[in-house]
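Just so you know, all these numbers are worked out from the coordinates, no wet-lab data involved. Note that this is a predicted model, so its numbers are computed, not measured. Because the Cβ atoms are built from the backbone with ideal geometry, glycine has one as well, and the counts that use them run over all protein chains shown.
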Amino acid sequence: MDWTNEQSRTSLESKDKFSRPQILNIDALNIAEFDVIFIGFPIWWYSAPHIIFSFLESFDFSKKTIIPFAQVAGVN
């Protein structure tokens, strides 16, 4: 993905702080059986991709331990 392209997904999402991409088949996800949930994502424009916020807003994580981790790839 070319983050320098103003029409790339990363660029478009970063311009709209309230965008929440749809998660396909979210009903198939069953987090009830897990006590600990690891959430990994790349860093886009100093933040998590907005689909991560979609995921976090879709479930009740009370009584869960969330362990976030991020991947940052250098440029060139």
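For the chain, the calculated P(r), taken from all Cα-Cα distances in 5 Å bins from zero up to the bin holding the longest distance, is 3, 13, 22, 23, 18, 12, 7, 3, 0 percent. Any idea what the relative contact order of region 35-75 is, in percent, if you count C-alpha pairs under 8 Å spaced at least 6 apart? Taking the mean separation of contacting Cα pairs over the length of region 35-75, I get 62 percent. For Asp27 and Ser62, the FRET efficiency from 1/(1 + (r/R0)^6), where r spans their Cβ atoms and R0 equals 22 Å, is about 0.65. FRET efficiency for the pair Val36 and Asp16, taken as 1/(1 + (r/R0)^6) with r the Cβ-Cβ distance and R0 = 25 Å, rounds to 0.20. Near Asn30, once Lys and Arg are set to +1 and Asp and Glu to -1 for all other residues with Cβ below 14 Å from its Cβ, the sum equals -3. Using a cutoff of 8 angstrom between alpha carbon atoms and counting only pairs six or more residues apart, the relative contact order for the chain works out to 33 percent. Evaluated over the Cα positions of region 35-75, the convex hull gives a direction-averaged projected area, one quarter of its surface, of 3.1 nm². Counted by Cβ distance under 11 Å from Phe53, the other residues give a net charge of 0, where Lys and Arg count +1 and Asp and Glu count -1.
Counting only DSSP beta bridges with both residues in the chain, the antiparallel share comes to about 10 percent.
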